[in-house]
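The values are calculated or read from the model by the stated rules, or taken from the named source; none is laboratory data. The shown structure was predicted, so the numbers you read here are calculated from the model rather than taken from an experiment. Glycine also receives a Cβ, built like all others from the backbone with ideal geometry; neighbour counts cover every protein chain displayed. Side chains included, ligands, DNA and RNA excluded: accessible areas come from the protein's heavy atoms. Shrake-Rupley method; radii C 1.70, N 1.55, O 1.52, S 1.80 Å.
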Amino acid sequence: VGILIHIESPNKNISWTSAVGFSNKQTEEQLNKNQPLLIASNTKTYVAATILKLVENGMLNLNQPIERLINKKTRLILKSSGYTVDEITVKHLLSHTSGITDYVDDSYFLFVNENPNYEWTRNEQIRLATKKANPIKAGKEYAYGDINYLLLTEIIEQRTGKPFYKAIRDLLEFKKHDLNQTWFVDLEDKPKGTLAFAHQYSNKFNWDSYHMNPSWDLFGGGGLASTVKDLALFFQLLFEGSIIKD
């Protein structure tokens, strides 16, 4: 299986990408350093940065309760499952301290394993989370969960009036920063000139990303595709204050 690496160090005048190993371990096709891949939960950083851009632009407050920021349908289903959405804030979602039970657990992975081509929707995943509800008071415990970031993408849409993937692209200024090979797989067109995906594998479930519908991890908890160079450039821009000024 291949490994990709990119080093970006403007102070040392270094911008270097390399690859070793196979893109496809069955055919032993060599991995190309410019092949994109699914960046999974790295996507959460882009979602969080978008929320902070909305805060910076005066369109959101970190301590705002999510009650009026999420869709009415979502609000009702969370309330009916015992969640006090007037106490859960944007910050709680960002920091995985919302107390909302995640939908991703062993049974979820088992279902995905048995139904790799199943087409998920965000609403369905939110409903699944509420079926597993075991509410914890907001702010009391840290519990990592994709559900927090699915709700953040609802907030992004409510505040911008755009699909979350377009709002993320616009607010983080992908075009300005030349992040031309970063996109939400299946939700946006693959950028022109982008190479074929590298295969990504999971030994535990014998998964090959080529044989799976990406909707199982698409709506903010994951979903972005990128090259390692684009990924490294974004994180550098973020850490150096070029994405969020404060």
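Only one residue in 188, 240, 154 is acidic (Asp, Glu), without any contact (Cβ under 8 Å) to a residue 40 or more places away in the chain and surrounded by 15 or more Cβ atoms within 10 Å (Cβ to Cβ), so which one is that?
Numbers: 240 fails: surrounded by 15 or more Cβ atoms within 10 Å (Cβ to Cβ); 154 fails: without any contact (Cβ under 8 Å) to a residue 40 or more places away in the chain.
Exactly one of 188, 240, 154 is acidic (Asp, Glu), without any contact (Cβ under 8 Å) to a residue 40 or more places away in the chain and surrounded by 15 or more Cβ atoms within 10 Å (Cβ to Cβ), namely 188.
Can you find a residue in the range 113-122 that is in a loop (DSSP other than H, G, I, E, B), in contact (Cβ under 8 Å) with a residue 24 or more places away in the chain and within 16 Å of the chain's Cα centre (by Cα)? First the steps, then the outcome.
Of all residues in the range 113-122, those in a loop (DSSP other than H, G, I, E, B) come to 115-121.
Imposing the further condition that a residue be in contact (Cβ under 8 Å) with a residue 24 or more places away in the chain reduces the set to 116-121.
From the residues that got through so far, the ones that are within 16 Å of the chain's Cα centre (by Cα) too are 120-121.
Yes, because at least one residue in the range 113-122 is in a loop (DSSP other than H, G, I, E, B), in contact (Cβ under 8 Å) with a residue 24 or more places away in the chain and within 16 Å of the chain's Cα centre (by Cα).
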| request: Could you run through the range 80-90 and say how many residues are in contact (Cβ under 8 Å) with a residue 24 or more places away in the chain and surrounded by fewer than 16 Cβ atoms within 10 Å (Cβ to Cβ)? | output: 4
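Residue-by-condition table, conditions (1) part of a loop (DSSP other than H, G, I, E, B); (2) in contact with a helix residue (DSSP H, G or I) (Cβ under 6 Å, 6 or more places away or on another chain):
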{"position": "68", "(1), (2)": "yes, no"}
{"position": "92", "(1), (2)": "no, no"}
{"position": "96", "(1), (2)": "yes, yes"}
{"position": "100", "(1), (2)": "yes, yes"}
{"position": "104", "(1), (2)": "yes, yes"}
| Candidates 70, 77, 39, 51 - the one that is in contact (Cβ under 8 Å) with a residue 60 or more places away in the chain, open to solvent by less than 60 Å² (accessible area, probe 1.4 Å) and in contact with a Ser or Thr (Cβ under 8 Å, 6 or more places away or on another chain) | 39
| message | With in contact with a helix residue (DSSP H, G or I) (Cβ under 6 Å, 6 or more places away or on another chain), over 27 Å from residue 55 (Cα atoms) and not small (Gly, Ala, Ser) as the only criterion, which of 157, 114, 124, 119 stands out? | response | 119
| Residue match in the range 132-150 (condition: open to solvent by 50 Å² or more (accessible area, probe 1.4 Å), in contact with a Gly (Cβ under 8 Å, 6 or more places away or on another chain), among the acidic types (Asp, Glu) and farther than 26 Å from residue 230 by Cα) | yes
| task | Would you tally the residues in the range 212-231 being surrounded by fewer than 19 Cβ atoms within 10 Å (Cβ to Cβ) and either closer than 20 Å to residue 51 by Cα or modelled with pLDDT under 95 (or both)? | result | 0
| message | Please go through the range 1-32 and give me each residue that is under 13 Å from residue 230 (Cα atoms) and either open to solvent by less than 90 Å² (accessible area, probe 1.4 Å) or at pLDDT below 95 (or both), ordered by number. | response | 4, 5, 6, 7, 8, 15, 17
| Can residue 149 be described as in a helix (DSSP H, G or I), in contact (Cβ under 8 Å) with a residue 40 or more places away in the chain and in contact with a Lys or Arg (Cβ under 7 Å, 6 or more places away or on another chain)? | yes
| query | Considering the range 33-42 alone, what residues qualify as being under 22 Å from residue 192 (Cβ atoms) and either at pLDDT below 95 or out of contact with any helix residue (DSSP H, G or I) (no Cβ under 7 Å at 6 or more places or on another chain) (or both)? | reply | 33, 34, 35, 36, 37
| request: Look through the range 95-112, keep the residues that are aliphatic (A, V, I, L, M) and open to solvent by less than 30 Å² (accessible area, probe 1.4 Å), and return whichever of them is nearest to residue 138 (Cα to Cα). | output: 100
